[in-house]
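The values are calculated or read from the model by the stated rules, or taken from the named source; none is laboratory data. Fair warning: this is a prediction, and the values are worked out from it, not measured in the lab. Neighbour counts run over all protein chains shown; Cβ positions are idealised from the backbone, glycine included.
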Protein chains: 2
Amino acid sequence: MTIETAIQALSAQFGPRLSRAEAILQQHGQSESYYPLTLPDAVLFPESTAEVSDIIRICAAHHCPVIAFGTGTSLEGHQLAVEGGISLDLSRMNAVLAINAEDMDVVVQPGVTREQLNQDLRATGLFFPVDPGANASLGGMAATRASGTTALRYGTMKENVMALEVVMADGSIIRTGTRARKSSAGYDLTKLMVGSEGTLGIITELTLRLQGQPEAISAATCAFADVQGAVNTVITTIQSGIPMARMELIDANMVRGFNIADGTTLPEQPHLFVEFHGSEGAVAEQADSFREIVEEHGGSDFKWALKAEDRARLWKMRHNAFYAHKALAPTLRAMATDICVPISRLAEAIEFAEVKSRALDLTCTIIGHVGDGNFHCALSFDMDDKAQFERVQDFMHELAETAIALNGTVTGEHGVGIGKMKYMQAEHGEALHTMRLIKRALDPQNILNPGKLLPPSNT
Amino acid sequence: MTIETAIQALSAQFGPRLSRAEAILQQHGQSESYYPLTLPDAVLFPESTAEVSDIIRICAAHHCPVIAFGTGTSLEGHQLAVEGGISLDLSRMNAVLAINAEDMDVVVQPGVTREQLNQDLRATGLFFPVDPGANASLGGMAATRASGTTALRYGTMKENVMALEVVMADGSIIRTGTRARKSSAGYDLTKLMVGSEGTLGIITELTLRLQGQPEAISAATCAFADVQGAVNTVITTIQSGIPMARMELIDANMVRGFNIADGTTLPEQPHLFVEFHGSEGAVAEQADSFREIVEEHGGSDFKWALKAEDRARLWKMRHNAFYAHKALAPTLRAMATDICVPISRLAEAIEFAEVKSRALDLTCTIIGHVGDGNFHCALSFDMDDKAQFERVQDFMHELAETAIALNGTVTGEHGVGIGKMKYMQAEHGEALHTMRLIKRALDPQNILNPGKLLPPSNT
């Protein structure tokens, strides 16, 4: 029983939908981040839940690893076959199965991307709010507990996945949750699966909450003399209960990147990019209240983006921040990390990142969903400059430790994957053992995305 | 190794804090519902997490059941020692450990009640919104995934518990989650523990999200010719995105109960009781929009409760609905159940309850958090009238099956306990096996609240 015998059995059943072509393996073995190319032994394109179940049964019988693959946009190497095996590409399971407009929910297959879903929803007046930047698959977004710029108002995948269909490690198919808005009936397996990164089961169907398109939207940008002013504005705004839809901090370096990459002429100071959703009256009121808070904290250069195309440009620029970061040092590669801390510790965490990156002479940009206490650092490095790469890794390491020291988490939204495994013990302590017990109970052979999320244990 | 040897060991360590006094056993063996008196073998009053850990280690060594006890307000018999053992009364662990006003969170021990917490928060301008009616303990509310009238706006315990400290079945102490607003770092053990009804661990500390006291609050009541009109009003309101704080349906029978018990003179028709939270402007706008929707759906008798004391009276009356139900048939006992369905199926579910209870000649009242699709039925019965009691049970059974048939859940907020165990297979199917695997992995001896949540299995 080996990976090869599994592939023979799968090939007999799936024919050309099992591929070992080099280009396909490469596509499924690469990462958007700095992880080295890590090829799976084969890529399989299932078209139904029943097929996924068959595949898992065969892989279980042959003790062959299976790694779910969505769009490959993970930043922490979740999709890499570090122990070989089958990359299970769910992109052909991309049907929107039911739009329940009256209940404001939708049932989709895991390969549907968030942009595809919102395109399909256009006529309904509803939308799916979770917005991680990349046009990721909804299965992948659930598996990594993704969030993004709108989590502040609408929550993360955790709050927006109502129910799942999951193929378990023995090939059995379970349904977790219902279309009811709430339930107290038993263990919350939906929330256990969300964020489990393909290590406990393969998500084959999702029921998602939708939101009504707001009657009015307005966005604005404003500048601050320092990050502290911006962060204090954020804290006061959150405490005032203004239901911000988006609230993004952009540090001065990142603004410089935008000015280069996007041709903007923003003052090279820390900025907040914000958005308000609601009725016409509510949006106007929220915006007024926010503007007052900005002025109290010494903000300036307050600019509205009232037209839809101006807002689209603003958020497109924000979503392409990683490319704008690269514009600051075009010959170098870049790596991004994310942490999340209680909002009262946000200024400290950001200051740490600024001071530390300067001390290490690194090109660093900071951008964040600061209303949630979550921010990202991107750092440039030259793969051939080993000392620099080590400084980047030192930075990443110290930032993760800082997050834990400030009662936060080493990842607010990117997930653990390979990159953050080494912090699981420090962040979770004894609870890591509980996670391992659950993993062993649900995947005793460790065939589901092995080598991810849970660091190797000595027991 | 027996319950008796465990009690000897515990008694040696805890002295008079272990009680076998009949009155204490009775207090911990009764239920607010119709379950028969079920005495534990002893009641123990721990005062710290370390003590809870010691107790669990001793009980594990002696294979002795341990049942967490909060305020005893469960409606599904969660706290009853159906297999004997120790009732672990957490009421002495009732300290508010930290109020983090800037982060809008609070750290509490499990015995703190929701009213005590809100009393302590009064000076901060913050409040804890989850409101199940009873002045339950926060540990118990987390364990049963409680919600209540404000879940529509602020979520249930699931959305409001950020982090937990839990003593596991081997006595180890784990911490789940952090004070950061979001995390993608590993399995969501917090959400697994919320709603696990003391079967996976004993919650010894909770970190809870708080909300800012709204600048303005207004409440209103309105009447409808039939339930359908009220439900259609609810659906349209939710779809319009009006951020209702509370939205309660009261059926005509229940209104009659209020008129008797509370001396009100409401027209004996279905009513909605609603509340708006926000800025002055937002509340006025929301209320106007809602009133328009009410009028479109033939609502009448629209009355404002603008003063704080009027609102307090309104919601106190709502919270005492069970007693108002009893006023309809003062010589009988009453039993309540709860289901939750997708909002598009709500009218069907309520109509089923109305028609069925009439057909069975039962005194039935319906009251519900209808914005969530969740409602309760209370039914009167005479313990000595066996045929009537059987009709009540038939009703409960058919209502639960209706909930499942309508893609809903057999309990929206009361939990499984003893009463809803028999529906776990029908509601969860294969997923029940996954729940059992988790239970076995985390509590292999089945000492934590045995005989609850998971029905006995044949395997």
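Taken over region B:253-279, the criterion of being under 18 Å from B:Val294 (Cα atoms) and outside any loop (DSSP other than H, G, I, E, B) is satisfied by B:His271, B:Leu272, B:Phe273, B:Val274, B:Glu275, B:Phe276. Hey, among the residues in region A:421-451 that are part of a loop (DSSP other than H, G, I, E, B) and touching a helix residue (DSSP H, G or I) at 6+ places or on another chain (Cβ under 7 Å), which one's farthest from the other protein chains (Cβ to nearest Cβ)? Restricting to residues being part of a loop (DSSP other than H, G, I, E, B) and touching a helix residue (DSSP H, G or I) at 6+ places or on another chain (Cβ under 7 Å), the top hit is A:Ile447.
Within region A:72-87, is even one residue hydrophobic (A, V, I, L, M, F, W, C), modelled with pLDDT under 95 and in contact with a strand residue (DSSP E or B) (Cβ under 8 Å, 6 or more places away or on another chain)? Full working, then the answer.
Taking region A:72-87 first, the residues hydrophobic (A, V, I, L, M, F, W, C) are A:75, A:80-82, A:86.
Next, only the ones that are modelled with pLDDT under 95 stay: A:75.
When the remaining residues are screened for being in contact with a strand residue (DSSP E or B) (Cβ under 8 Å, 6 or more places away or on another chain), the result is A:75.
Yes, region A:72-87 contains at least one residue that is hydrophobic (A, V, I, L, M, F, W, C), modelled with pLDDT under 95 and in contact with a strand residue (DSSP E or B) (Cβ under 8 Å, 6 or more places away or on another chain).
Has region B:307-323 got any residue that is touching a Pro at 6+ places or on another chain (Cβ under 8 Å), of a type outside the set (Ser, Thr, Tyr) and either closer than 30 Å to A:Ala282 by Cβ or crowded, with 19+ Cβ neighbours inside 10 Å (or both)? No, there is no match, as no residue in region B:307-323 is touching a Pro at 6+ places or on another chain (Cβ under 8 Å), of a type outside the set (Ser, Thr, Tyr) and either closer than 30 Å to A:Ala282 by Cβ or crowded, with 19+ Cβ neighbours inside 10 Å (or both). Whenever a residue of region A:383-403 is within 11 Å of A:Leu360 (Cα to Cα), its partners that are assigned to a helix (DSSP H, G or I), lying with C-beta atoms within less than 7 angstrom and at least six residues away or across chains, give the pairs A:Phe395/A:Lys356; A:Phe395/A:Ser357.
Do the conditions hold for A:Val231, that is, is it part of a helix (DSSP H, G or I), buried (at least 21 other Cβ atoms within 10 Å of the Cβ), at pLDDT 95 or above and β-branched (Val, Ile, Thr)? Spelling it out, it is not the case that A:Val231 is part of a helix (DSSP H, G or I), buried (at least 21 other Cβ atoms within 10 Å of the Cβ), at pLDDT 95 or above and β-branched (Val, Ile, Thr). Say we look at region A:78-104 and pick out the residues that are crowded, with 24+ Cβ neighbours inside 10 Å and out of contact with any Asp or Glu (no Cβ under 8 Å at 6 or more places or on another chain); which of these is nearest to B:Thr236 (Cα to Cα)? Residue satisfying both the conditions and the ranking: A:Asp103.
Can B:Ala134 be described as closer than 16 Å to B:Ile203 by Cβ and either at pLDDT below 95 or in contact with a helix residue (DSSP H, G or I) (Cβ under 7 Å, 6 or more places away or on another chain) (or both)? Steps first, answer last, please.
Numbers: closer than 16 Å to B:Ile203 by Cβ: no; either at pLDDT below 95 or in contact with a helix residue (DSSP H, G or I) (Cβ under 7 Å, 6 or more places away or on another chain) (or both): yes.
No; evaluated as a whole, the condition is false for this residue.
You will find that of B:Lys316, B:Lys303, the residue that is among the basic types (Lys, Arg), away from chain A (no Cβ under 14 Å) and in a strand (DSSP E or B) is B:Lys303 and no other.
Within region B:429-445, if we keep just the residues that are free of Cβ contacts under 8 Å to residues at least 60 places away in the same chain and either in the same structural domain as B:His63 (by TED's automatic domain parsing) or over 22 Å from B:Asn407 (Cβ atoms) (or both), the residue that is nearest to the chain's Cα centre (by Cα) turns out to be B:Arg436. Of all residues in region A:374-400, those satisfying the criterion of being within 17 Å of A:Ala359 (Cα to Cα) and either assigned by TED's automatic domain parsing to the domain that holds A:Lys158 or among the acidic types (Asp, Glu) (or both) are A:Glu390, A:Asp394, A:Glu398. Against the criterion of being in contact with a Phe, Trp or Tyr (Cβ under 7 Å, 6 or more places away or on another chain) and more than 11 Å from chain B (Cβ to nearest Cβ), A:Leu97 does not qualify.
Results for (1) of a type outside the set (Ser, Thr, Tyr); (2) under 19 Å from A:Thr149 (Cβ atoms), shown as yes or no for each residue.
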residue: A:Asn374; (1), (2): yes, yes
residue: A:Phe381; (1), (2): yes, no
residue: A:Lys386; (1), (2): yes, no
residue: A:Val392; (1), (2): yes, no
residue: A:Met396; (1), (2): yes, no
residue: A:Ala400; (1), (2): yes, no
residue: A:Ala405; (1), (2): yes, no
residue: A:Thr409; (1), (2): no, yes
residue: A:Gly412; (1), (2): yes, yes
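Residues that are within 8 Å of chain A (Cβ to nearest Cβ): find the helices (runs of 4 or more DSSP H) completely inside region B:125-225 holding 1 or more of those. If you could, list the steps in order and put the result at the bottom.
Details: elements: B:138-143, B:151-154, B:157-160, B:189-193.
Passing ranges, in order: B:151-154, B:157-160, B:189-193.
Does region B:236-246 contain any residue that is assigned to a strand (DSSP E or B), within 25 Å of B:Tyr154 (Cβ to Cβ) and in contact with a helix residue (DSSP H, G or I) (Cβ under 9 Å, 6 or more places away or on another chain)? Walk me through it before giving the result.
Start the filter on region B:236-246 by keeping residues that are assigned to a strand (DSSP E or B), which leaves B:246.
Add one more test, that the residue is within 25 Å of B:Tyr154 (Cβ to Cβ), and what stays is B:246.
Filter once more, so that each one left must be in contact with a helix residue (DSSP H, G or I) (Cβ under 9 Å, 6 or more places away or on another chain): B:246.
Checked region B:236-246: at least one residue is assigned to a strand (DSSP E or B), within 25 Å of B:Tyr154 (Cβ to Cβ) and in contact with a helix residue (DSSP H, G or I) (Cβ under 9 Å, 6 or more places away or on another chain).
Selection of region B:333-361 for residues being outside any helix (DSSP H, G or I) and either crowded, with 20+ Cβ neighbours inside 10 Å or in contact with a His (Cβ under 6 Å, 6 or more places away or on another chain) (or both) yields B:Ala334, B:Met335, B:Ala336, B:Thr337, B:Asp338, B:Ile339, B:Cys340, B:Val341, B:Pro342. Among the residues of region B:180-205, those identified as under 30 Å from A:Ala347 (Cβ atoms), touching a helix residue (DSSP H, G or I) at 6+ places or on another chain (Cβ under 7 Å) and among the hydrophobic types (A, V, I, L, M, F, W, C) are B:Ala185, B:Leu189.
Look at region A:298-321 and say how many of its residues are touching a strand residue (DSSP E or B) at 6+ places or on another chain (Cβ under 8 Å), farther than 12 Å from A:Ile217 by Cβ and of a type in the set (Gly, Ala, Ser). Residues flagged as touching a strand residue (DSSP E or B) at 6+ places or on another chain (Cβ under 8 Å), farther than 12 Å from A:Ile217 by Cβ and of a type in the set (Gly, Ala, Ser) within region A:298-321 amount to 3.
Might you let me know whether region B:365-384 holds any residue that is of a type in the set (A, V, I, L, M, F, W, C) and surrounded by fewer than 19 Cβ atoms within 10 Å (Cβ to Cβ)? Quick ask: steps written out before the conclusion?
Filtering region B:365-384 down to residues of a type in the set (A, V, I, L, M, F, W, C) leaves B:366-367, B:370, B:375, B:377-379, B:381, B:383.
Next, from what is left, pick out any that are surrounded by fewer than 19 Cβ atoms within 10 Å (Cβ to Cβ): B:383.
Within region B:365-384, one or more residues are of a type in the set (A, V, I, L, M, F, W, C) and surrounded by fewer than 19 Cβ atoms within 10 Å (Cβ to Cβ).
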